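Peer 1: Below is one structure. I have some questions about it.
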Amino acid sequence: MALEKKILALGGSGRVGQMLRAGFEIAGEHRVIWQSRTPLPGGICLDPLADDGVDALANAMKGRDVVFALAGVTPATGGSMSINSVLANKTLAAAEQVGIRHVFFVSSAAVYGVSDVAHREEEALTPVSDYGVSKQRMEEDILRAQSPIRSVILRIGNIVGADQLIGGATKGTTIGLDQFAGGGFPERSYMGPITLTSILTQLFDRALAGDALPQILNVSAPGTVSMDALVQAGGFSFQPRPAPEQAIPRVVLDTKRIEGLVTMPENAAHPDQMIAEWKRLQAAVEGNVT
């Protein structure tokens, strides 16, 4: 008897969606069916932004228990940032139409402002980019909705391979890295793609079990990684350059809340482990491992 596809994931054709599809395959997570606007093997092809987008989404949600709403506009994809709110509202309307209990909405660490201390989920948001502002508005729409749906907002940190640092690098190139007056390089909250897959799978398990989850969660490996350490772990060379005045030295997410809900993979916060996860995923995408 085929395993039921209890989880509908929206946005399977983007960079993160492609990585997660491969990551779930590696993990043996076969409860997820993916939606995209272009055909995917075994997936659902529909355009949520079409005039019948809500009805099409509702039809795709029938028989599911959890929706993972990854679809959206990023600086890399281009398009109007207002689409992020439009997609969230259409997803909520469709989920309410068919009685979906749990929807995970993907937001971003970009909603936070500049701070030397770890960003906590309950702090006031002061985003500095248009993308961050769009995600803040999306979150506000979700939190304002009067709905029986259990919505969980996932503020996801940097993902190795989906970022501009490692994901945009090619073999043999030298990466330019901002270096601050004290000699240090930027530090960011990061995680490997398989760590993200593991976190999501555990959150889905909790939702399917009926557990009450916090409405907002930072999602990342604990602490920060210095970008020079990550570049070196990836086997790339880099060239220091004076950091511009607007460069942010450190962005760190407080991960206490998520660490209380899931078990992090061993060494998830180590740059060597993050790079190993990325390389394993690349091999899986190329069909070299299962």
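Read-outs throughout are calculated quantities, based only on the coordinates presented, and are distinct from any laboratory measurement. All of these numbers come straight from a predicted model, not from anything done at the bench. We place every Cβ from the backbone using ideal geometry, glycine too, and count neighbours over all the protein chains shown.
Peer 1: Between residue 237 and residue 55, 0.36 nm times their residue separation minus their Cα-Cα distance comes to what? Present the calculation step by step, with values, prior to reporting the outcome.
Peer 2: Numbers: separation 182, 0.36 × 182 = 65.52 nm, distance 5.00 nm.
My answer for the length gained is 60.5 nm.
Peer 1: If neighbour count is taken as other Cβ atoms inside 10 Å, put 108, 220, 13 in order from fewest to most.
Peer 2: On the way: 108 24, 220 28, 13 17.
Fewest-to-most Cβ neighbours within 10 Å comes out as 13, 108, 220.
Peer 1: At 222 nm, what value in deg cm²/dmol follows for the chain if DSSP H runs of at least 4 each add -39500 (n - 2.57) and the sum is divided by all its residues, to the nearest 500?
Peer 2: Working: 8 runs with 95 residues, N = 290.
Computed mean residue ellipticity for the chain: -10000 deg cm²/dmol.
Peer 1: Let me ask something else about it. How large is the translational diffusion coefficient of region 215-279 in µm² per second when you combine the Kirkwood radius over alpha carbon pairs with Stokes-Einstein at 25 °C and 0.890 mPa s? Write down the numbers at each step before the final one.
Peer 2: Working: Rh = 13.8 Å.
This corresponds to a translational diffusion coefficient of 178 µm²/s.
Peer 1: Hey, got the Cα dimensions of region 168-236 along the principal axes, in Å, largest first?
Peer 2: Cα spread of region 168-236 along its principal axes, largest to smallest: 48, 29, 15 Å.
Peer 1: Let me ask another. Most mobile of 60, 109, 76 per a Gaussian network model of the chain (Cα springs, under 10 Å)?
Peer 2: Comparing 60, 109, 76 in a Gaussian network model of the chain, the most mobile one is 76.
Peer 1: If every alpha-carbon in region 175-290 counts as one equal scatterer, what log10 I(q)/I(0) does Debye give at q = 0.09, 0.13, 0.21 1/Å?
Peer 2: The computed values of log10 I(q)/I(0) come out as -0.31, -0.62, -1.14.
Peer 1: Anyone know which of 218, 158, 267 comes out most mobile in the 10 Å Cα GNM of the chain?
Peer 2: Of 218, 158, 267, the Gaussian network model singles out 267 as fluctuating most.
Peer 1: Given the options 221, 269, 118, which has the most mean-square fluctuation in a GNM of the chain, springs set between C-alpha atoms less than 10 angstrom apart?
Peer 2: 118
Peer 1: Also, quick follow-up: Stretched out fully, how many nm does the piece from residue 124 to residue 267 gain, at 0.36 nm a residue minus the Cα gap? Intermediate results must be reported in sequence, preceding the final value.
Peer 2: Working: separation 143, 0.36 × 143 = 51.48 nm, distance 3.10 nm.
Stretched fully, the residue 124-residue 267 segment lengthens by 48.4 nm.
Peer 1: OK, next. Ranking request for peptides 124-136, 195-207, 242-254: highest mean number of other beta-carbon atoms within 10 Å first, then the rest in descending order.
Peer 2: Numbers: 124-136: 17.0, 195-207: 21.7, 242-254: 15.0.
For the peptides 124-136, 195-207, 242-254, the packing ranking is 195-207, 124-136, 242-254.
Peer 1: Which semi-axes, in whole Å and largest first, does the equivalent ellipsoid of region 17-106 have when worked out from the alpha carbon gyration tensor as the square roots of 5 times its eigenvalues? Spell out each step's value before the answer.
Peer 2: Values: eigenvalues 78, 63, 30 Å².
They are 20, 18, 12 Å, listed largest first.
Peer 1: While we're on this one: In square nanometres, what is one fourth of the surface area of the convex hull spanned by the alpha carbons of region 120-182? Each step should come with its number before you reach the end.
Peer 2: On the way: hull surface 29.0 nm².
With every direction weighted equally, the projected area is 7.2 nm².
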